[in-house]
Amino acid sequence: IPEGQHVFDHPWETDTTAAMQKYPNPMNPHMVGLNILDRHTDCPGKFHSHRLLSTEWGLPSVVKSLIGAERTKIYVQEHSEVDPVGRTVELLRNLLIFHL
């Protein structure tokens with residue numbers, strides 16, 4: 001399972017705001033749904049968010065002919081934790097369903 005860490009060369013506030021507001025995005029028409037399942041702040045002051053994202057993609061013609069489907073829908077579960085004291089953002093995403 002791929003894992004990674006990246007440090008952005010921008011102010012922490014800018015990066016955090018971008019991470020929390022990236023969807024919905026009119027520049028990404030493949031994102032067709034966003035559901036907020038839970039949002040809360042814990043006792044130390046960390047913000048937690050649990051979202052369900054759905055995307056829909058067209059398929060190459062060779063794949064369409066093999067499986068008989070025009071589009072695929074993919075569901076992704078996203079957990080995020082924002083720590084304003086430690087100035088960290090952790091995003092975890094899991095692929096849930098690949099649906100034809």
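On a straight-distance basis, which aspartates and glutamates could pair with K46 in a cross-link, Cα separation under 15 angstrom, same-chain partners fewer than 8 positions away excluded?
K46 reaches E13, D38, E81, D83, E90.
Of the listed values (i) 25.9, 78; (ii) 16.6, 54; (iii) 14.6, 45, grab the one calculated as Rg and Dmax of the Cα atoms in Å from the structure here.
Label (ii) holds the value from this structure.
Working only with C-alpha atoms, what are the Rg and Dmax values of the stretch 5-48, expressed in angstrom?
Calculated on Cα positions, Rg and Dmax stand at 13.4, 37 Å.
At 0.36 nm per residue, and after removing the present C-alpha to C-alpha distance, how many nm does the segment from S65 to E81 gain when stretched out fully?
Numbers: separation 16, 0.36 × 16 = 5.76 nm, distance 4.20 nm.
Extra length available between S65 and E81 comes to 1.6 nm.
Computed from the coordinates by the stated procedures, all read-outs in this text should not be read as laboratory data. Predicted model only: the values in this text are computed from it and were never measured.
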